[in-house]
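Each value in this text was obtained by applying a stated rule to the coordinates, not by laboratory testing. Predicted model only: the values in this text are computed from it and were never measured. Here the Cβ is made from the backbone with ideal geometry for all residues, glycine too, and neighbour counts use every protein chain on show.
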Amino acid sequence: MAIKENKFSQFLFREVSILPLIGFRIIFGLTTFLSTFRFILLDWVNLHFVETKIQFKYFGFEWVPLLPEFYMYVLHGIMLLASIGVFLGAYYRIASIAFFICFTWCELIDITYYLNHYYFVSLIAFLMMFLPANKAYAFDAKKQQSKSCPTVKSYMLFLLKFQLILVYFYAGIAKINYDWLILAMPLKIWLPANSDMPILGSIFTYETTAYLFSWAGMLFDIFVGFFLLFSSTRIWAWLCIVLFHSLTGYLFQIGVFPLVMTFSTLIFFSNQFHLKFIQFFARFIPFFRFEPNQERITQADNKLFIKLSLLIWISFHLLFPWRYLLYHGNHLWTEQGYRFGWRVMLFEKAGTATFYVFDENTQREGVVVNSDFLNPHQEKQMAMQPDMILQFAQFLKKQYEAKGLKVNTVRAEVYVTLNGRPSQLLIKPNQNLLNLTDTWASKSWIKPLEN
């Protein structure tokens, strides 16, 4: 046992080239800058955070506030500057901390806009705060030449690679379900809708194509991360990643996620590759040409603390996605334990929610026009997610009581269709939603999926 522990410790703390970490820093800084710039350019700051009457909160993060309009733009401005700082390795520690705080803050303001790749970026940004990615080929390294270093500890690269493999692997595991593999849903719906795509569009109308893509997508996600680990299969795995993300990016308009994943996986490539990659940017950025101090800087590591931290981090990310097993019913239907589990694009779901507010003063029940309070994306997401339905009911009580009504009852008729099934009730239509509170417990008021 002592030998195994020693070998494992040697693996974690052996010195390896810093080049892959530098390459990853450049990629992360560049992609987050482009993503933030695109967000501002498309006027999404205004749409998401300014022209809004309600923010649907993550359970446990209700305390994260929406700032006034000016400060929301300030947050995104800081993200732009911080991304540049990460990219250049300039005032890196401050820049990485600032980016993590601002990005995660914006992410937690409204659950409506939850995306797996936002969660991924937050996790990577958190890890980058602790990694010495400015110790070479960076503004900071040139400024403090004596502290520059050509190597880092192996566990630093291991953590980033683990996080990338996990995204793919768990996305593949999530696809091992009846709808995806046996019914080829939702690809049976999505692919024919893109039959006008050049070259491949004509084959999207065939049912066989949906089955082929479903099984290929599952196998790709499960195995591609592991194929990246081996030099003999790495280039082929990465070419498959390029093809996969190019196709999904075209078909489903999922923003910069394909770009982020395609280039982040370059961290698996050789030191020589990353040196050439850095040298490309050195043509335009002079201090990227600055070679690090070749003398390794030895630091006394608190190995016990680092091992414990790694154990906690890895254990959490391995176990947390499985929490949906603690809840009753089909998690694609109830969405309990669905988020933060790398379940990427598993269903086609749509709903209509009609809310009824009962006024105790007049003993009359009125129908709510949801669009009076919600933007189109909020209305779409709320109509099929139970926790958002519950929050909207509480919001309606406050809104109508501010107008002089006495509201003790809010109910909703919510009809949802999942992966082509007939529309059916999601919750009990006579349930007074004001009597319910959101908790970690199973939501017994959600009606089970009938087929």
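Below are the figures for this structure:
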item	result
Difference of contour (0.36 nm per residue) and Cα-Cα distance, Trp445 to Phe252	66.2 nm
Helix 303-319 vs. the chain, principal-axis angle (Cα, 0 to 90°, nearest 10)	40 degrees
Least to most buried among Cys102, Cys240 (fewest other Cβ within 10 Å first)	Cys240, Cys102
11 Å beta-carbon shell around His48, net charge (K/R +1, D/E -1)	-4
Mean-position separation - Cα centroids, the stretch 202-230 and the stretch 120-180, in angstrom	26 Å
From the C-alpha gyration tensor of the chain, square roots of 5λ in Å	43, 27, 22
Of Thr151, Ile22, Leu374, farthest towards positive along the dipole that unit charges on Lys, Arg, Asp, Glu beta carbons give the chain	Thr151
Pairs from Lys349/Lys406; Lys7/Lys142; Lys57/Lys175 whose Cα-Cα separation, in the structure shown, is over 32 Å	Lys349/Lys406; Lys7/Lys142
Counted charge near Ile124, where neighbours are those whose Cβ lies closer than 12 Å (Asp, Glu -1; Lys, Arg +1)	+2
The stretch 348-435: proportion of alpha-carbon pairs further apart than 19 angstrom, %	36 percent
Neighbour-count ranking [beta-carbon atoms within 10 angstrom, fewest first] of Arg93, Arg25	Arg93, Arg25
Overall dimensions of the stretch 399-451 by Cα: Rg and Dmax, Å	14.2, 44
Three-way shape label, the stretch 164-248, alpha-carbon gyration tensor, a/c 1.5	oblate
Positive-end extreme of charge dipole, the chain - chosen from Gln385, Phe100, Trp322 (charges on Cβ)	Phe100
Difference of contour (0.36 nm per residue) and Cα-Cα distance, Phe273 to Glu360	24.3 nm
Neighbour net charge for His331 - beta-carbon separation under 11 angstrom, K R +1, D E -1	+2
Alpha-carbon centroid distance for the pair the stretch 406-420 / the stretch 68-85, whole angstrom	37 Å
For the stretch 3-118, convex hull volume per residue from C-alpha positions, Å³	145 Å³
Check: the chain dipole with +1 on Lys, Arg Cβ and -1 on Asp, Glu Cβ, in debye	1420 debye
About the Cα centre, charge dipole magnitude for the stretch 348-435 (Lys/Arg +1, Asp/Glu -1 at Cβ), debye	100 debye
Mean Cα-pair separation over length for the chain, i.e. relative contact order, pairs under 8 Å, 6 or more apart, %	16 percent
